[in-house]
Amino acid sequence: HVTQHKKMKRIIIFLALVSVIGCSEKEDSDNSENNTDINLVTGINLIDFTGGKIGQLGNPNELNMINFGLYPNPTVNILNLYSMGNISKIWIRPAKSSKNYLQTDFETVLNSELYSENEIETNTKLKLTNSDLSKIKIDLGGLEIGYYRVFVKVDGIIFWRNIYVGTNTSELDNLKKDWN
């Protein structure tokens, strides 16, 4: 009876360990991406060469509050930014796209204090500071093809939009297929 009891005890301990390890791995995988991930692009607004919105792909996780605009999107080499206030800082960070949050109401999730300037600056590929302008042209020629998040500080408040940098304007058809 004693050896059976020891075996049973070992089996219970083993099962408890497996259960704990299994749960912690699941939690880790759930935390690998969430709807406020700074590197996450859940969609983009399609903007023509005059700044007019011509469509939307996915469900853009952008915080804009009509404080700044950018065009064109997708873009090839030059990105135009404009604002009603003064743009003091601009950060452009690489991002990854995800269709996991197409039903999320980002207006209730996002706010201007979600990311710190230090957090935004980490992994930034392009940074402009002390511009204090309301219109800026940015040369994106050095960036790789892909999704980016453009963060701006307008009158002391941080906002952001998602963009796609490509090689030519015909890539729009491929982007539309990616999001459908």
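The values are calculated or read from the model by the stated rules, or taken from the named source; none is laboratory data. For clarity, every value in this text was computed on a predicted model and none was experimentally measured. Positions of Cβ are generated from backbone atoms using ideal geometry, with glycine treated the same way; all protein chains shown enter the neighbour counts. The area values use the complete protein model at the heavy-atom level, side chains included, leaving out ligands, DNA and RNA. Shrake-Rupley method; radii C 1.70, N 1.55, O 1.52, S 1.80 Å.
Worth pointing out:
- Qualifying positions in segment 73-124 - of a type outside the set (Phe, Trp, Tyr), under 13 Å from the mean Cα position of the chain (by Cα) and over 29 Å from Asn174 (Cβ atoms): Leu114, Glu119
- Single match in Gly85, Gly51 (criterion: in contact with an Asp or Glu (Cβ under 7 Å, 6 or more places away or on another chain), more than 22 Å from Asn180 (Cα to Cα) and touching a residue at least 24 places away in the same chain (Cβ under 8 Å)): Gly85
- Evaluating Ile66 against the criteria (1) on the phi < 0 side of the Ramachandran plot; (2) free of Cβ contacts under 8 Å to residues at least 60 places away in the same chain; (3) of a type in the set (Val, Ile, Thr); (4) outside any strand (DSSP E or B) leaves one unmet condition, (1).
- Scanning segment 157-178 for residues that are in contact with a strand residue (DSSP E or B) (Cβ under 9 Å, 6 or more places away or on another chain), farther than 22 Å from Thr50 by Cβ and open to solvent by 50 Å² or more (accessible area, probe 1.4 Å) yields a total of 2.
- From the list Phe49, Phe68, the one residue that fits, being aromatic (Phe, Trp, Tyr) and open to solvent by 20 Å² or more (accessible area, probe 1.4 Å), is Phe49.
- Residues within segment 68-89 that are modelled with pLDDT under 95 and either of a type in the set (Phe, Trp, Tyr) or under 20 Å from Thr36 (Cα atoms) (or both), tallied: 2
- Hey, Asn61 surrounded by fewer than 16 Cβ atoms within 10 Å (Cβ to Cβ) and either modelled with pLDDT of 90 or more or assigned to a strand (DSSP E or B) (or both) or not: no
- Take the conditions (1) in contact (Cβ under 8 Å) with a residue 24 or more places away in the chain; (2) part of a loop (DSSP other than H, G, I, E, B); Asn45 misses just one of them, which is (2).
- Criterion (modelled with pLDDT of 95 or more and open to solvent by 50 Å² or more (accessible area, probe 1.4 Å)) met by exactly one of Lys135, Lys96: Lys96
- The sole residue among Thr129, Thr50 that is touching a strand residue (DSSP E or B) at 6+ places or on another chain (Cβ under 8 Å) and outside any loop (DSSP other than H, G, I, E, B) is Thr129.
- Screening Gln56 against (1) open to solvent by 40 Å² or more (accessible area, probe 1.4 Å); (2) assigned to a loop (DSSP other than H, G, I, E, B); (3) of a type outside the set (Ser, Thr, Tyr) leaves a single unmet condition, (2).
- Residue within segment 99-119 that is in contact (Cβ under 8 Å) with a residue 40 or more places away in the chain, part of a strand (DSSP E or B), open to solvent by less than 40 Å² (accessible area, probe 1.4 Å) and more than 15 Å from Asn39 (Cα to Cα) present: no
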